[in-house]
Amino acid sequence: MRGAFRADVGEKPEAVLDGALVEDPRVTRSGTSSVYTRGDAGGVKASLPITIQGRLDSGASVTMINAQNWGHPGPPFGLPEYLAHYAIVGDRNISGPGQLFSCTRFRFGDPYWLGLLQDGETAAVGLDGSTLSVDAADDGNWLLYTSASPVTQQRLHTVVISGCLTLAELALDQDFHARDTQVRINDGDAWLTVHGPGANTPPKEFEYRTLLPREELTLERFANWIPINDTLDGIGRAAARSIDGFL
């Protein structure tokens, strides 16, 4: 089925399709006629999250995770418009939100914010054999996390990426989001790019007025903080974020 895929930086990925992927409970078909009945119950059923797998005109595969139809049920009543929590684009489709990955790499802030870390530097994360290292690139260094055992993208984001961002926010008194995020199923596979809020955001200009010097954020401190932050149930990120308005 043809359609149009869109993944703007910092926004939920979107796909407008030429037809419906699943039967819409708001549509009743009888012979050659169809009736579209608007209703809360039918609307809820029609927008239940699904996994959408497709291929772009470029040849890249795209998988939309937890995609929900916020549009119409399909011709003749209008086109379905699916918004996903995130999408993964690369040389293959993934199975869904339960897909396991061996590693992720990400970067945040200014394109050269991580330039102070040395290429190839590695530190242990916890006691299970997982590692955090630096993967150098001309357009900005990456933090590369290799898990001792495969985990989901949600777990990688919640524990690893969010953990590193929390430490940076606490130390520097600035808000951060992942600028680029990629995952890999098996060691040696091509990287798959993650699109969605919190996974890819516009580059942020570095603010030189910080609580602590940026040099205090060493790779070892990032690695040591990840398992600690995982025990805090989100308290660290809440404490790091600025509060707007009056208390």
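Below, the figures for the structure above:
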{"quantity": "Hits in the range 59-97 (condition: under 19 Å from residue 196 (Cα atoms), at pLDDT 95 or above and part of a loop (DSSP other than H, G, I, E, B))", "calculated": "60, 84, 85, 91, 92, 93, 94, 95, 96, 97"}
{"quantity": "Condition met for residue 216 (loosely packed, with under 15 Cβ neighbours inside 10 Å, at pLDDT 95 or above and either within 18 Å of residue 132 (Cβ to Cβ) or under 19 Å from the mean Cα position of the chain (by Cα) (or both))", "calculated": "no"}
{"quantity": "Any chance residue 209 is without any contact (Cβ under 8 Å) to a residue 12 or more places away in the chain and either within 18 Å of the chain's Cα centre (by Cα) or surrounded by 15 or more Cβ atoms within 10 Å (Cβ to Cβ) (or both)", "calculated": "no"}
{"quantity": "Search result, residues across the range 137-153 that are assigned to a strand (DSSP E or B) and buried (at least 17 other Cβ atoms within 10 Å of the Cβ)", "calculated": "142, 143, 144, 145, 146, 147, 151"}
{"quantity": "The range 184-205 residues that are at negative phi, paired with ones that are of a type in the set (Val, Ile, Thr) and part of a loop (DSSP other than H, G, I, E, B) (beta carbon under 7 Å, 6 or more apart)", "calculated": "200/9; 201/9; 202/9"}
{"quantity": "Single condition residue 174 does not satisfy, out of (1) modelled with pLDDT of 95 or more; (2) in a loop (DSSP other than H, G, I, E, B)", "calculated": "(1)"}
{"quantity": "Hits in the range 88-115 (condition: of a type in the set (D, E, K, R) and more than 13 Å from the chain's Cα centre (by Cα))", "calculated": "91, 92, 110"}
{"quantity": "Qualifying residue in the range 10-19 (condition: surrounded by fewer than 17 Cβ atoms within 10 Å (Cβ to Cβ), more than 30 Å from residue 177 (Cα to Cα) and either among the aliphatic types (A, V, I, L, M) or at pLDDT 90 or above (or both))", "calculated": "no"}
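One line per residue, one yes/no per condition, for (1) closer than 30 Å to residue 83 by Cα; (2) at pLDDT 85 or above; (3) in a helix (DSSP H, G or I):
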site: 193; (1), (2), (3): yes, yes, no
site: 198; (1), (2), (3): yes, yes, no
site: 202; (1), (2), (3): yes, no, no
site: 212; (1), (2), (3): no, no, no
site: 228; (1), (2), (3): no, yes, yes
site: 233; (1), (2), (3): yes, no, no
site: 237; (1), (2), (3): yes, no, yes
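The values are calculated or read from the model by the stated rules, or taken from the named source; none is laboratory data. Worth saying up front: this structure is predicted, and the values here are computed from it rather than measured. Cβ sites come from the backbone with ideal geometry, for glycine too, and all protein chains shown count toward neighbours.
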